[in-house]
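> One structure follows; several queries about it will come next.
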Amino acid sequence: MKMLGKWLGCAIFALCMSSAMAQRLPASDVYVTTTSGAVDRRPMAPPVVYVAADGSGDFNIDGKDDQVEINAALKFIAEHHNEGYTTVRLQGRLVYWLSAPVRIGSNTILTGDGHVCLRVIDHANWARNEPIVGTIETTGTHDVEIFGFEIDGNDENNSDLDPRTGRVRNLGQYYYTGLEFTGAGNINVHHMFLHNNMNDMFKVTRCQNVKYHDNIVYKTGHAGIYAVNCQNVEVFRNNITNRTSSAIRPDSVNHLKIWGNIVTSLSGSGGVQIQKSNANPMDDIEIYNTVFYETNGSAVNTTVRGGAGNDKNARDLHIHHNIIYDTGYLKGPNYGGGGVSISGFHDTVIENNVFDGNCDSAIAHPAVRNAKTSGTAQFVTIVRNNIISNTRAKRSPGVAMRCDPSGTYMFKSERNCFFKNEGGNFSDMRGVISKHDLIEVDPLYVSRADRIYQLKSKEGRWDGAKWVRDDATSPCVGAGRIDGARIDIGAYGYPPMKKKLFGVLGAGI
């Protein structure tokens, strides 16, 4: 089942907590506050201002409306940057109860000692578009770092009737977004445990230079991260379990890297949902070294919408060295199949991935209705050096690659290994050019049952700790090509100088 994700979740959480504890600063030489949170005297030791509950902080919470003290500390930082203050640190093994949002300003670090939980109170009665953590400035916030604590949206106790709208607050309806920034730059959110909120866990709009990494994100109310009209976004080493929308949802975002994540879902859609809604370019997007498993919809899907011609600069998406298994278990063809579905993007390259046990299709182009066959395909997707195995039927035949026979979309399939795909390898040869593919060839995984998708090798392979020799050699070993050089087909098909490094990573996934 999901033991792989659970094990990795625990590992990442342990890393998060150990990192936070390693950075813990002593709460010494501080001044006690009044019960209202007002500072009796100015804190003495820049750069840190402490918030605590035991009287040792510069600001001390009392378990009620605790955002008052946190916001007072953040405001103090904002007003005293020129004196060297940069950081608000939340102390203690306890819950800070929020009856209103926390507001952070520019040039500020908000961190915790690894045990603090910010939790929305029961029946908080917040209006729409009020995030749990937002900004002091309406727009233009910059240079913010948030790490080392927990945010609990307390969704189970906040599905109340909104008197402003007369409707029940439901998931995905703009209530209790986790963290939100608009028109911001240089935002870094990492080593957090973020869970059980009712909308996007992290939403950035018109932002630049955003990093979201090393977080555990669980039971999101909408996307795990929703980025709209942004530039230079990097999402990496997160463990994301979504239940509404997708884990990672970039809309009109360019210079985007998604790597090293573990992505699954309880319900909702799928893994990465790439959308293009305007004429701005989307021509630098890379998704790699990520494990997608048991997602409700596709692991990755793309769509282009809006005005005519928006697809002209939607191109060069690169999806490589990922492991994608048992995805698309519910929605299937509604999202083009369980693995990767490409619509509206030119010159996509899908290479050196493992697709195993995906529902309906592993890689799909949309079926273009009422389209006339043209001599030249408008959209071409290059698929090479992948292993596609055990694709299964759910709501449509379990075909490895679902093709578009109209000629609008074309697959160039080269040196892929196909094995035991229930509905066959290609839905229609009119939508594909196949060259040097290995048809019905067992890739000889080390252990499919244990999700170890390395290839068996008599000569030896790196298992993450040592070199081991197997009783057989996979036909995929050395059968791939990259820039003319021989590489392995599948997710471990790196050039020789990188092979040992990826073996270490592979042992982790």
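The values are calculated or read from the model by the stated rules, or taken from the named source; none is laboratory data. Every value quoted in this text rests on a predicted model; they were computed, and no experiment measured them. Please note: Cβ atoms are built from the backbone with ideal geometry, for glycine as well, and neighbour counts cover all protein chains shown.
> Could you give me the residue pairs with C-beta distances under 6 Å whose first residue belongs to region 203-229 and is in a strand (DSSP E or B), whose second residue is hydroxyl-bearing (Ser, Thr, Tyr) wherever it lies, and which are 6+ apart or on separate chains?
Once the first residue is in a strand (DSSP E or B) and sits in region 203-229, its partners that are hydroxyl-bearing (Ser, Thr, Tyr) give LYS203/THR177; LYS203/TYR226; THR205/THR182; TYR218/THR241; ILE225/TYR212; VAL228/THR205.
> Sticking with this one: Can you find even one residue in region 246-257 that is touching an Asp or Glu at 6+ places or on another chain (Cβ under 6 Å), closer than 22 Å to ALA184 by Cα and crowded, with 24+ Cβ neighbours inside 10 Å?
Within region 246-257, not a single residue is touching an Asp or Glu at 6+ places or on another chain (Cβ under 6 Å), closer than 22 Å to ALA184 by Cα and crowded, with 24+ Cβ neighbours inside 10 Å.
> Continuing with the same structure: Considering each of HIS123, HIS142 in turn, give the residue that is of a type outside the set (Asp, Glu) and out of contact with any strand residue (DSSP E or B) (no Cβ under 9 Å at 6 or more places or on another chain).
Going through HIS123, HIS142 in turn, the sole match is HIS123.
> Quick one: which residue in ASP152, ASP113 is touching a Lys or Arg at 6+ places or on another chain (Cβ under 7 Å), within 15 Å of LEU179 (Cβ to Cβ) and surrounded by fewer than 22 Cβ atoms within 10 Å (Cβ to Cβ)?
Only one candidate qualifies: ASP152.
The rows are residues; the columns are (1) surrounded by 21 or more Cβ atoms within 10 Å (Cβ to Cβ); (2) farther than 22 Å from THR290 by Cβ; (3) of a type outside the set (D, E, K, R).
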| site | (1), (2), (3) |
| --- | --- |
| CYS417 | yes, no, yes |
| ASP428 | no, yes, no |
| GLY431 | yes, yes, yes |
| LEU455 | yes, no, yes |
| GLY460 | no, yes, yes |
| ASP471 | no, yes, no |
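> If you don't mind, another one. Could we say that THR303 is hydroxyl-bearing (Ser, Thr, Tyr) and farther than 21 Å from LYS257 by Cα here?
Answer is no for this residue.
> Right, something else. I need the strands (runs of 3 or more DSSP E) fully contained in region 425-487, keeping only those with at least 1 residues that are modelled with pLDDT under 95 and charged (D, E, K, R).
It comes to 480-482, 485-487.
> Need the failing condition index for LEU171 against (1) touching a Gly at 6+ places or on another chain (Cβ under 6 Å); (2) without any contact (Cβ under 8 Å) to a residue 60 or more places away in the chain; (3) of a type in the set (A, V, I, L, M), just the number.
Result: LEU171 fails condition (2) only.
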